[in-house]
Amino acid sequence: MATTRNAHTEWEGELIKGFGEVTLDSSGVGHFPVTWASRAEEPRGKTSPEELIAAAHSSCFSMALANILTKAGNPPTLLTTTAAVTFQPGTGITGIHLTVQGQVSGVDEAAFKAAAEDAKVNCPVSQALTGTTITLTSVLS
């Protein structure tokens, strides 16, 4: 069964001096201020589209990796995933680097790395971002 999730942004003013607020409508869990400066300079307590993409990608990747490992008979004890989305003003998103550290019984480093690569390629967010270079570092602890 397909699901649809919604968010909206209200923006006031021009790009450089303007400001906005992103609202997570489906979950209702928050409103997040956003500005050009928080995107292209320092966050200063505000979010950016790239940070929201990083949140989506790290959570999607973690779920995909947990599923792959579980289906192989080795459910993870803990996966900690970071997504670093690089934004270059005037160019756009230039890359995403995923870093995952996992605690998984019954797999060696090679099997964990193979599962992580599978998740990197096949998680729905990675698939939606195929126009972007996505790299991965995986560490089994």
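So that you can scan it fast, the table gives a plain yes or no per residue for (1) part of a loop (DSSP other than H, G, I, E, B); (2) small (Gly, Ala, Ser); (3) farther than 23 Å from residue 128 by Cβ:
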position	(1), (2), (3)
1	yes, no, no
20	no, yes, no
32	no, no, no
43	yes, no, yes
51	no, no, no
62	no, yes, no
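Residue 98 meets each of the listed conditions (1) farther than 30 Å from residue 37 by Cβ; (2) in contact with a Leu (Cβ under 7 Å, 6 or more places away or on another chain) apart from (1).
With respect to the conditions (1) β-branched (Val, Ile, Thr); (2) closer than 30 Å to residue 103 by Cβ; (3) within 18 Å of the chain's Cα centre (by Cα), residue 22 lacks only one, and its number is (2). Scanning the stretch 101-124 for residues that are in contact with a Phe, Trp or Tyr (Cβ under 7 Å, 6 or more places away or on another chain) and aliphatic (A, V, I, L, M) returns 104, 119.
Within the option set 133, 99, 86, being more than 13 Å from the chain's Cα centre (by Cα) and either more than 24 Å from residue 7 (Cβ to Cβ) or at pLDDT 95 or above (or both) holds for one residue only, 133. Among the residues of the stretch 96-114, are any without any contact (Cβ under 8 Å) to a residue 12 or more places away in the chain and closer than 30 Å to residue 30 by Cα? No: zero hits. I'd like to know if the stretch 70-91 contains one or more residues that are open to solvent by less than 20 Å² (accessible area, probe 1.4 Å) and assigned to a helix (DSSP H, G or I). No, the stretch 70-91 has no match at all.
The set of residues in the stretch 1-23 being farther than 22 Å from residue 93 by Cα and aliphatic (A, V, I, L, M) consists of 1, 2.
The values are calculated or read from the model by the stated rules, or taken from the named source; none is laboratory data. These figures come from a predicted structure and were not determined experimentally. Reconstructed Cβ throughout: ideal geometry from the backbone, glycine too, with neighbour counts over all protein chains shown. Heavy atoms of the whole protein, side chains included, go into the accessibility calculation; ligands, DNA and RNA do not. Shrake-Rupley method; radii C 1.70, N 1.55, O 1.52, S 1.80 Å.
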